[in-house]
Amino acid sequence: MGRAEKEQLRSNVASAIRDQIMARTVHPGDTLRLGQLAEELGVSITPVREALLLLSQDGWVRHEPNRGFRVAPIRRKDVEDTYLMWSTAEGEIAARAATRATSRDVAYLREIDQRIRDADPSDGHLATELNSALHHYVSVIADAPKLNWFAQAASRLVPLQFPENFHVVPGWSEVNRTQHTPLIDAIAAGDVEAARSGTAAHFQGTGNLLIQWLDSLEFWSEPETPQAPRGTGRLAG
């Protein structure tokens, strides 16, 4: 098996384990046993170990020396922080795209946007596929690999297999159909600030939809603990 095939296998195994965590097949604090996972997934232990190490880097599991891997808790605040960083990175990517987009680039973005609006609303997988294609092409235009790395890293921390299943989040389909056109208009006009702020707000709004939905499912591993008010440390003028 070549290097690319090994990396793809590791990624597939990581996705499968992440799906188990999301589905609550395994729970926070549970030990993940390599042999059992390998048997369930029909692979050897090596890609399972590599996948768990990858998931430990992304915060889905905890690697405890001499004890193995345990499922990590998923906190609401962590998802909020993830979307703060993700929306910031995507906003900067769009701003960069606004300085580089050609008329041909804009035409292609509008073509994808039109396909999103014309798609069958019941075909959620097509909608998320087109959404992914549109944002990917914005990143291609931007040619900002470091910003894109941060955006991709943030996407791996979202407690939903994004983008494959995001269509199940209430309200997302409407956002997907209606909010891309003004972002493309800003990129086409070379309006850097509108592209930046609009895209950041678009991603932040998507995150809010996801968090509200997960709230309704009582998804979080740890209850939110209210903090006592703290002084500002400022003197009255």
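The values are calculated or read from the model by the stated rules, or taken from the named source; none is laboratory data. None of these values were measured; they are calculated from a predicted model. Note: ideal-geometry Cβ built from the backbone for every residue, glycine included; neighbour counts use all protein chains shown. Protein only, heavy atoms only, side chains kept; ligands, DNA and RNA dropped before computing areas. Shrake-Rupley method; radii C 1.70, N 1.55, O 1.52, S 1.80 Å.
Just checking, does region 40-63 include any residue being part of a loop (DSSP other than H, G, I, E, B), open to solvent by 50 Å² or more (accessible area, probe 1.4 Å) and not small (Gly, Ala, Ser)?
No, the conditions are met nowhere in region 40-63.
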**Report entry** Any chance residue 173 is out of contact with any Phe, Trp or Tyr (no Cβ under 9 Å at 6 or more places or on another chain) and either on the phi < 0 side of the Ramachandran plot or not assigned by the TED database to the domain that holds residue 105 (or both)
**Finding:** yes
Query raised in the report: Name the pairs whose Cβ atoms lie under 6 Å apart, with the first residue in region 1-29 and farther than 30 Å from residue 213 by Cα and in the same structural domain as residue 48 (by the TED database), the second in a helix (DSSP H, G or I) and open to solvent by less than 60 Å² (accessible area, probe 1.4 Å), and 6 or more positions between them or separate chains?
Result: 9/47
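Here are 119, 133, 153: which of them is under 18 Å from residue 87 (Cα atoms), at pLDDT below 95 and not assigned by the TED database to the domain that holds residue 54? Write out each step before concluding.
Working: 119 fails: under 18 Å from residue 87 (Cα atoms); 133 fails: at pLDDT below 95.
It is 153.
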Query raised in the report: Could you count how many residues in region 83-107 are surrounded by fewer than 18 Cβ atoms within 10 Å (Cβ to Cβ) and not in a helix (DSSP H, G or I)?
Result: 3
Query - Of all residues in region 1-14 being open to solvent by less than 70 Å² (accessible area, probe 1.4 Å) and closer than 13 Å to residue 49 by Cα, the one that is modelled with the lowest pLDDT - result: 11
Query raised in the report: What are the residues in region 130-160 that are touching a residue at least 12 places away in the same chain (Cβ under 8 Å) and of a type in the set (S, T, N, Q), if any?
Result: 131, 132, 139, 148, 155
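Taking the conditions exactly as written (modelled with pLDDT of 90 or more and closer than 21 Å to residue 155 by Cα), does residue 39 satisfy them or not?
Numbers: modelled with pLDDT of 90 or more: yes; closer than 21 Å to residue 155 by Cα: no.
Criteria not met by residue 39.
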Report task. Name, by its number, the condition in (1) farther than 30 Å from residue 204 by Cβ; (2) part of a loop (DSSP other than H, G, I, E, B) that does not hold for residue 27. Result -> (1)
Query raised in the report: Just for region 48-100: of the residues that are under 16 Å from the mean Cα position of the chain (by Cα) and without any contact (Cβ under 8 Å) to a residue 40 or more places away in the chain, which one is nearest to residue 212 (Cα to Cα)?
Result: 81
Query - Exclusive hit being open to solvent by 60 Å² or more (accessible area, probe 1.4 Å) and among the aliphatic types (A, V, I, L, M), set 140, 169 - result: 140
